[in-house]
Amino acid sequence: MKLRTSHINLLLLFLCLYFTPAKAQTLVYLERADNLLFDQNILPDARIVIGNVVFRHDDALMYCDSANFYEASNSLDAFGNVKMVQGDTLTGYGDKLYYNGNTKLARLRQNVRLIHHEAVLTTDSLNYDRLQDIAYYYSGGKIVDDLNTLTSRWGQYTPYNKRAAFRDSVHLVNNRFTMDTDTLLYDTESNVAKLVSPTVILYEKETTILSSNGLYNTRTEESELFDRSQVIHNDGKFLTGDTIYYDKRQTFGKLYGSIEVVDTTQQVTLRGDYGEIYEDGSTASRHPEWGSHGFATRNALLEHWGDSLHTYMHADTLFTEQLAISDTLPKDSTYQRVRAHHNVRIYRDDMQGVCDSAVYLGNDSVGKMYGNPICWNENNQVSADSMYVYFRNDEIDYAHGMGAAICIQQHDLIHYNQMSGKEIIAHVRDGDVHLIDVNGNAETVFFPVDEKDHSLSGCNRTQSSFVKVYMEKRKVDHVLFTTATTGTMYPMDQVSDAVMHLGAFFWAEDERPRVPADVLLKVEPTERPGKQKLSASTDEEEDKKAPTGNMDKPKKLNNKLTR
């Protein structure tokens, strides 16, 4: 017999349908009941079962006091002491259960509990999709594990991977902190919360963490925080960074990218591209006396916003520390120390400075500068091998330059009054230098001014053991020399470069920060007469002990939410 093309197509379609396996649907079985009723008038499509009722569907058992069993639709409605058991790990309870064996959707209602290992979910209405292994509520619920309690208006739990998702008024309670947000992902096995919306983590009377993107291990209290998160302490410290790795228990943090550490008590802001913060000296076992401390590097900038003047300091690396005043005083009797390492640049309205390293000690309000330090005040430049700047009430009291010290005052673009010696002390009053003491092998160059026509009278060079220079309105008013002073007054037409400049003279105006932003500039050092070796800091031994700062990011938190 010859088959037509249409017959062949129909035969192929039949064979495909015949050999294509249909999706298997298993039946719900009634395992046990004390009484079985059938009432055509009340429920014509159902069997009514009463007393110690047990149903089975695949590996799930369902218990209840009574039920309506719809064999035709492979479903049931269960009532009273409902219990649903799947495998040996998942158990659900409720007053009512509506179950469809074809879709494997269980709807538990009233006084619902779902128990899976250590996690217990309670709500009033819960749907459990056995096909997808997803349980969810939509009218308020709570999940409790061995560590936390989480509540929300909407929630979802997947038993196979022990993960939960929450939305709308999410509230997590731990015995040490609380967490509030609008949306949260949570792993009940690792106890790690994934932050995906604005979140507030509150340690009562201690710390507040603000983040919209991150991971928080609620068991270890370690966190990875992104997108300009903040850690705020009740003692007035604020930590901000593009990325923050924070360990609350160890009171330690690493900050990456445009970091900002604000201490409102000390009125200090520390910035940089990388930093580490130790909030308790106990975390640095070698230096428990340090108390809280930290450092910033890569574009490091410290701003001290005192009551009268702002101070801006830049260095390759900046350290801030709280140190105990003495062993005999209480632990909270501390003072602040700031250390700046390499390429230090400082700006204040009343003083600007550069050096290789610097230390500020809050207990005696002194700033120590090492490594070719230079300080400027108005038209005065002071330099030495090392220099101490003393403050009183946040204002400069005096600056003390030691070793190869020279003070230069600019008269005009060509002429400079100069004083050099073993040490120079420049006294400041109301923001201006009013007295300069030069001690030891004092040499000076002055250009007296004719009072009539204000022209320069000549160039006066002197040598003596010490000199006192009194200033008035930022100009030399009068000078006191020792009786053993020698010198020469040169007419202006006989003043050469050798006469008008001391041997140690150099003018470093190009290095001077003129505005706060200038402290971040990279400026080539001005050539100095002779070769000057950078002086080591008196805190050299402490520098060796300071944390070196491993800028590698820590390993990911041990959680499954990052996979």
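The table below gives the values:
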| quantity | calculated |
| --- | --- |
| Residue ID - nearest to TRP376 (Cα to Cα), chosen from residues in segment 325-346 that are among the charged types (D, E, K, R) and modelled with pLDDT under 55 | ASP332 |
| Whichever residue in segment 357-390 is under 18 Å from HIS427 (Cβ atoms), polar (S, T, N, Q) and not in a loop (DSSP other than H, G, I, E, B) and, among such residues, is farthest from the chain's Cα centre (by Cα) | ASN380 |
| Which listed residue is buried (at least 17 other Cβ atoms within 10 Å of the Cβ) and more than 30 Å from VAL262 (Cβ to Cβ), from GLY214, GLY140, GLY155 | GLY155 |
| Condition check for PHE238: modelled with pLDDT of 95 or more and surrounded by fewer than 19 Cβ atoms within 10 Å (Cβ to Cβ) | no |
| Test set (1) hydroxyl-bearing (Ser, Thr, Tyr); (2) closer than 26 Å to ILE201 by Cβ; (3) in contact (Cβ under 8 Å) with a residue 40 or more places away in the chain - THR122 fails condition number | (3) |
| Selection count where residues are surrounded by 11 or more Cβ atoms within 10 Å (Cβ to Cβ) and in a helix (DSSP H, G or I), scope segment 495-508 | 2 |
| The one condition in (1) closer than 21 Å to GLY253 by Cα; (2) touching a Leu at 6+ places or on another chain (Cβ under 8 Å) that ARG176 fails to fulfil | (2) |
| Qualifying residue in segment 355-366 (condition: at pLDDT below 95, touching a strand residue (DSSP E or B) at 6+ places or on another chain (Cβ under 7 Å) and aromatic (Phe, Trp, Tyr)) | yes |
| Index of the failed condition, ASP273 passing every other in (1) surrounded by fewer than 18 Cβ atoms within 10 Å (Cβ to Cβ); (2) touching a residue at least 60 places away in the same chain (Cβ under 8 Å); (3) not small (Gly, Ala, Ser) | (2) |
| Qualifying residue in segment 384-400 (condition: at pLDDT 95 or above and among the polar types (S, T, N, Q)) | yes |
| Residue check, ASP146 farther than 21 Å from THR91 by Cα, outside the structural domain of ILE232 (by TED's automatic domain parsing) and among the charged types (D, E, K, R) | no |
| Selected residue (criterion: farthest from LEU309 (Cα to Cα)) from residues of segment 406-456 that are of a type in the set (Gly, Ala, Ser) and crowded, with 18+ Cβ neighbours inside 10 Å | ALA442 |
| Scan of segment 366-376 for residues that are free of Cβ contacts under 8 Å to residues at least 60 places away in the same chain and crowded, with 22+ Cβ neighbours inside 10 Å, ordered by number | GLY367, MET369, PRO373, CYS375 |
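Residues checked against (1) in a strand (DSSP E or B); (2) surrounded by fewer than 16 Cβ atoms within 10 Å (Cβ to Cβ); (3) on the phi > 0 side of the Ramachandran plot:
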{"position": "ASN81", "(1), (2), (3)": "yes, yes, yes"}
{"position": "ASP88", "(1), (2), (3)": "no, yes, no"}
{"position": "TYR93", "(1), (2), (3)": "yes, no, no"}
{"position": "ASN102", "(1), (2), (3)": "no, yes, no"}
{"position": "ARG107", "(1), (2), (3)": "yes, no, no"}
{"position": "VAL112", "(1), (2), (3)": "yes, no, no"}
{"position": "ASN127", "(1), (2), (3)": "yes, no, no"}
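The values are calculated or read from the model by the stated rules, or taken from the named source; none is laboratory data. Because the structure is predicted, anything quoted here is derived from the model rather than measured. Cβ coordinates were reconstructed from backbone atoms using ideal geometry, including for glycine residues, and neighbour counts include every protein chain displayed.
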